Amino acid sequence: MTDNGSFWSSVRLFGKSMSAMLIPKEPFNSLSEGEWKAMISSLYLSSMPVSARTEGILFDMYVLNLAIDETFPFEEITVPTLVVHAKDDPAPPYAGAVMVSERIPGCRLVSVENGGHLQIGHDEEIREAISEFVGQ
């Protein structure tokens with residue numbers, strides 16, 4: 001993991017390339033310059049200082065993400081669960097969301113057709129789904 005200055009520089013120089021790994025071309029290209037800058041601020045720069053998040057990031061990358069597979073005991077989850085996922089999300093693939101939602105008892109899956117990992121263009125739809133879910 002890099003230090004804060006390196007992370008900040010990487011985001012400023014390569015933010016669009018980094019985002020392309022999470023957002024399919026169509027919704028990515030639909031962003032205005034203002035939306036692009038807001039996304040960079042909220043997605044990347046709000047994670048500063050990255051040094052405070054290094055341990056969690058490494059855990060996600062090398063432990064948690066690998067553990068969420070067919071062997072994870074999803075059937076043992078007893079709390080109400082909502083999974084929200086875009087069908088065109090390249091990381092992680094939509095099939096994983098379907099698998100997880102089918103294995104968690106009573107889980108609700110909300111799918112959006114596009115928007116990538118950030119579910120661009122579906123803010124209101126997702127807010128409504130979350131409000132409805134929490135209200136139940």
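A short reminder: the numbers here are calculations on the coordinates, not readings from a lab. Because the structure is predicted, anything quoted here is derived from the model rather than measured. Counting neighbours? That spans all protein chains shown, and the Cβs are built from the backbone with ideal geometry, glycine included.
Key figures
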| read-out | value |
| --- | --- |
| Förster-model FRET efficiency, 22 Å R0, PHE59 and VAL79, C-beta, rounded to 0.05 | 0.55 |
| Computed label-point distance, nm, for sites ASP123 and ALA38 using a 7 Å Cα→Cβ extension | 0.4 |
| Dipole magnitude of the range 70-136 about its Cα centre (Cβ charges: Lys, Arg +1; Asp, Glu -1), debye to nearest 20 | 100 |
| Peptides ranked, highest mean first, by Cβ atoms within 10 Å: ranges 95-107, 30-42 | 95-107, 30-42 |
